[in-house]
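Here the structure is laid out as structure tokens; the discussion comes afterwards.
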Amino acid sequence: MRFAPVAAALSLILVTTASVTSAGERVPDPRAAQLIALGQAALKNGDTQGAIDAFEAAFAVDPAYTPIFLDLAEAARQDGLQGKAIAYYREALQREPDNFAAISGEGEALVERGALDKAQRNLSRLESLCGTSCPETQALQQRIAAGPPARLAVDSGEENTVTN
């Protein structure tokens with residue numbers, strides 16, 4: 001009986017500190033962080049396959065760290081694999097439904113595939129979540145305004161400009 005007030009006070013302290021520590025932004029495993037930095041450097045130098053390898057290794061080390069999917073998606077986009085990038089963005093959105101970078105990135109990849117209506121839905125969602133002045137909204141607005149990229153298709157030796 002004499003320990004009940006002390007136990008109640010200790011449990012209250014534990015609950016408070018546990019909720020405060022879990023509310024902070026998650027940091028990756030240090031080994032994963034090193035691999036992510038290597039991947040970002042490779043991506044900056046145009047080595048998309050090296051970046052993808054580093055990001056996938058980081059994911060193997062720390063599969064719970066959601067921002068790895070954003071890095072994988074960016075590398076896939078730079079490698080011309082918009083479908084794969086969209087899959088990575090959607091995985092990030094399953095884990096964090098209101099991740100502005102994932103919503104914007106998916107929208108940009110959709111524009112690159114020619115799916116302007118779907119990209120417009122992402123823009124509307126971003127505008128409702130963070131407004132028209134947030135960087136992710138502005139980036140997606142600019143990408144939609146620019147439209148899908150023109151691609152050169154070689155057909156029987158002739159070059160044609162094709163838009164998706």
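Values in this text are rule-based calculations from the coordinates and carry no lab data. Every value quoted in this text rests on a predicted model; they were computed, and no experiment measured them. Neighbour counts are summed over all protein chains in view; Cβ atoms, including those assigned to glycine, are modelled from backbone coordinates with ideal geometry.
Structure above, values below:
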{"read-out": "Sequence-separation-based contact order of the range 66-163, relative, with Cα cut under 8 Å and 6+ spacing, percent", "value": "20 percent"}
{"read-out": "Taking only Cα atoms of the range 66-163, radius of gyration then Dmax in Å", "value": "14.3, 48"}
{"read-out": "Rounded to the nearest 20 debye, dipole of the range 19-117 from Cβ charges on Lys, Arg, Asp, Glu", "value": "80 debye"}
{"read-out": "The range 40-91, relative contact order in percent, only Cα pairs under 8 angstrom and at least six apart counted", "value": "31 percent"}
{"read-out": "Sum of side-chain charges, E96 neighbourhood, beta-carbon under 15 Å (Lys, Arg +1; Asp, Glu -1)", "value": "-2"}
{"read-out": "Surrounding net charge for L72, when Lys and Arg each add one and Asp and Glu each subtract one, Cβ distance under 11 Å", "value": "-4"}
{"read-out": "FRET E, pair K118, A33, Förster distance 35 Å, beta-carbon r, rounded to 0.05", "value": "0.60"}
{"read-out": "Assigned charges on the beta-carbon of Lys, Arg, Asp, Glu; the range 66-163 dipole about Cα centre (debye)", "value": "240 debye"}
{"read-out": "D79/S128 FRET efficiency (R0 25 Å; Cβ-Cβ; nearest 0.05)", "value": "0.20"}
{"read-out": "Potential lengthening between D98 and A146 on full extension [0.36 nm per residue; Cα-Cα distance subtracted]", "value": "14.8 nm"}
{"read-out": "Around G105: net Lys/Arg minus Asp/Glu count, Cβ-Cβ under 11 Å", "value": "-3"}
